[in-house]
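The values are calculated or read from the model by the stated rules, or taken from the named source; none is laboratory data. No experiment lies behind these values; they were computed from the predicted model shown. All Cβ positions, glycine included, derive from the backbone under ideal geometry; neighbour counts span all protein chains shown.
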Amino acid sequence: MPAVISGVVEGSAAEELEIAEGDILLSIDDVTPKDMIDYNFLIKGENITVQIQKKNGEIEEIEWEKEYDEDLGIIFECAVFDRVKPCLNKCIFCFVDQQPKGLRDTLYVKDDDYRLSYLQGTYITTTNLTEEDKERISKLHLGPFYISVHTTNPELRVKMLKNPNAAKIMDNLKWFKKQQIPFHAQIVLCPDYNDGEELERTLRDLKSLGKAVLSVAIVPVGVTQFRKNGLKTVTKEVAKETIEIASKYKNVYCSDEFFLKAGMNIPASEYYGNFSQLDDGVGSLRSIMDDFDTMKLPKKLSKPLNLTFACSVAAKSAFEYISERMNKVENLKVTVKPVISTYWGEGITVAGLITSEDLINSVKNVDADYIIIPSIMLKPYTDLFLDGNSLDYVKKKTGKNFFVTKNNYSVCEVVDLIKGNR
């Protein structure tokens, strides 16, 4: 895939040079960048020559005098410009493999690319990591990385990932340690596979790698109605056991779902360290509640305002906590409407997998001036839900006004909306 430009930063050099959406970056100083790693290196300098292919096919060569660290201000469609390294595994818990037809095309792409891990924090399994890849990682000293470990038992990992290269996980992790390149680890917990004693083994092995392991996130396997291999869900008992095992180790964190399944309160912020695994659902509810506690609400609004949080089932408790305090503001009414997933099945409780139709069915009878949804429900930089329908489609079907928080569930944005009604 070429370096397709999806937009430019307002007021940037790219805007001044009339670089536009749909253009393609061909080269910088006659070098074709393979990815954002190359781009970030090549863009350094005070005099560079950029070759751009315009949407009409014409090629422009732009000479640019700039500050050494000044960036062009280009936004690319993808951080990788050649070919995303595909995933070669057939993991028993893979969410992509269990998706039905008819969703966005990008949802069926299985990547396992170390560059995306470094640049965007996506997880890699290291099963397709070549010697050439390692040489580049070492030479540029890239990192930290995000690595899906799941288990350090070689035989079990081969069984779970269905790839003989999966057995090399400890060798690969020791290589990262030797290169002094740190990483975050992930364990997708599958009952009767890598829980209990196997989890203990994995955490002991990771502990042996010392400071190379920045954090470990444990998340429950997602089991939808489309899964055919009979994986078990995490029960209350398994959740409690997992939390207890994780508590024995430093920088090992269970995702919010474990505490909800165990019927336990979300831990205080001290539990999560520096919140390094937020994108994996580790501490996101605590972060939302803590952010809200720093906000100052008005005592009264000049006119009535009715808001509804359309949230995931997993986030219900956090938004009930927030709504209870918001409802103390005179003329403000806030309700919480968890969106039940009929598409995937009720076992899926996260906001990022909510479809437009499930949202419509949940809020069509809600009486509110604004229905608040997080940006994670939509494809980045678009208004499309994962089933391909747009936010406008949802608005037409429901007749409701929606307020999308830009930074997932940014309570700050909601408080600003409330203050604007004073």
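When you go through THR382, THR398 one by one, which is the residue that is out of contact with any Lys or Arg (no Cβ under 7 Å at 6 or more places or on another chain) and hydroxyl-bearing (Ser, Thr, Tyr)?
THR382 is the lone residue from the list that is out of contact with any Lys or Arg (no Cβ under 7 Å at 6 or more places or on another chain) and hydroxyl-bearing (Ser, Thr, Tyr).
Would you mind finding the one in LYS101, LYS90 that is surrounded by fewer than 16 Cβ atoms within 10 Å (Cβ to Cβ), farther than 26 Å from ILE19 by Cβ and in the same structural domain as VAL158 (by TED's automatic domain parsing)? Explain how you work it out, then say what you get.
Details: LYS90 fails: in the same structural domain as VAL158 (by TED's automatic domain parsing).
The conditions single out LYS101.
Just to confirm my filter: which strands (runs of 3 or more DSSP E) fall fully inside the range 1-107 and include at least 2 residues that are without any contact (Cβ under 8 Å) to a residue 24 or more places away in the chain?
Those strands (runs of 3 or more DSSP E) span 47-53, 59-65.
Can you list the helices (runs of 4 or more DSSP H) found entirely within the range 234-305 that contain at least 2 residues being modelled with pLDDT under 95 and either crowded, with 17+ Cβ neighbours inside 10 Å or among the hydrophobic types (A, V, I, L, M, F, W, C) (or both)?
So the answer is 256-262, 284-293.
Just to be sure before I move on: is LYS211 part of a loop (DSSP other than H, G, I, E, B) and not aliphatic (A, V, I, L, M) in the structure I sent?
Against the criterion (part of a loop (DSSP other than H, G, I, E, B) and not aliphatic (A, V, I, L, M)), LYS211 does not qualify.
Which one is farthest from the chain's Cα centre (by Cα), of the residues in the range 65-78 that are among the aliphatic types (A, V, I, L, M) and crowded, with 18+ Cβ neighbours inside 10 Å?
Top of the filtered list is LEU72.
Output the residues belonging to the range 328-342 that are free of Cβ contacts under 8 Å to residues at least 60 places away in the same chain, buried (at least 19 other Cβ atoms within 10 Å of the Cβ) and over 27 Å from the mean Cα position of the chain (by Cα).
The answer is VAL334, and nothing else.
Considering only the range 124-136, state which residues are surrounded by 12 or more Cβ atoms within 10 Å (Cβ to Cβ) and either in contact (Cβ under 8 Å) with a residue 60 or more places away in the chain or within 27 Å of MET160 (Cα to Cα) (or both).
Across the range 124-136, the qualifying residues are ILE124, THR125, THR126, THR127, ASN128, LEU129, ASP133, LYS134.
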